[in-house]
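Here is the structure we will look at, set down as structure tokens.
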Amino acid sequence: MKTPFSLFLVTAGAALLLAAAPCRATQLYSQDFESLVSGSLSGQAGFTSVYETGTTSVTTSGGQSYSNGSVTVPGGNNEATIDAAPPSGSNNSNNNWALTNTFATQTGGSTVYFSLAMSWSSLSTASTVFFALTNSETNSPALGKSGGFILNGLGTGNSTVLGGGRIRNSGSGDQGQSTASTSASSNYPGFGNNTTSTQFIVGSLSHVGVGSDGSDYDTLQLWIDPSSTTLSTPNVTISYDMGTSSLSTFYLFTGSADSRFEVINVDNIEIGTTAADVLEDVTAVPEPTSWALLLGGVALLDGARRKLWLKL
């Protein structure tokens, strides 16, 4: 039985499109919370939650969905929710909450990527929300030698919550910090004290050589709300010695210097050694160049078919 040539064209075209897709290296961690049960997150899938008051839970009212350009993040049904409200409405000034988990240790400053989808409410410029990678679970929630995405006032004079990056090289001492923008409304319309939509954050930590830091991690890059799985110029780049050449833990830290009762929703946490690793669960609409490759390949195959028919 002969295979219809049209089917051959479709199959060959699909193969060309797959060839244009980015290759994954090593995915170190993936969690979409869909297999976890409603209730306390601590103790499920290796998570620990450390806080003075408040709760960290798996909630089933719908996950964090994101869509921008060719990037779509499926939200599913579940997500992790950190509710910082103290019991009986007491003041939560300076109290901290965190969720932590581990992944395969990476050493020598080798590049590590991460991504997550998140939203929040009831933040203020005195609030701090920090998703970071670090070298030891014991550093959390004391921050430790870490780098990642941060939400707070990011400096004096800001009246709303901004998003940016931070590298720290000790639990409470020196730190490097950089803002993603000076105006949340102009660059990131979903930002502020309360999000209007899910925010999708992609980041990387690597060693490029800052001063005499050996093989320490020293460079943080962030892509905030990307519209393509082909990452272009990052929104944030920080160069600062983190003080460690290994990464093995991620955490999400929340805190407040006022009486805010923050609520943070987190979903689709991915960690890997390439951008493709952390975009694995992202449904990407094919880029124009991929479509061009597919259509060009199909055209060549069809041309070959026509020449063959003419010879017969």
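Quick note: the coordinates plus some simple rules give every number you see, no bench work behind them. Keep in mind that this is a model prediction, so the values were computed, not measured. Every residue, glycine among them, receives a Cβ derived from its backbone with ideal geometry; neighbour counts consider all protein chains shown.
Some observations on this one:
- Positive contributions from Lys and Arg (+1) and negative ones from Asp and Glu (-1), summed over other residues with Cβ under 12 Å from the Cβ of Val112, come out at -2.
- Rounded FRET efficiency, nearest 0.05, which uses the C-beta distance separating Ser206 from Ser61 and R0 of 41 Å: 0.65
- Added length on full extension, which subtracts the Cα-Cα distance from 0.36 nm per residue, Thr102 to Ser136: 11.4 nm
- Look at where the Cα atoms of region 110-130 and of region 234-249 average out, and the two centres are 16 Å apart.
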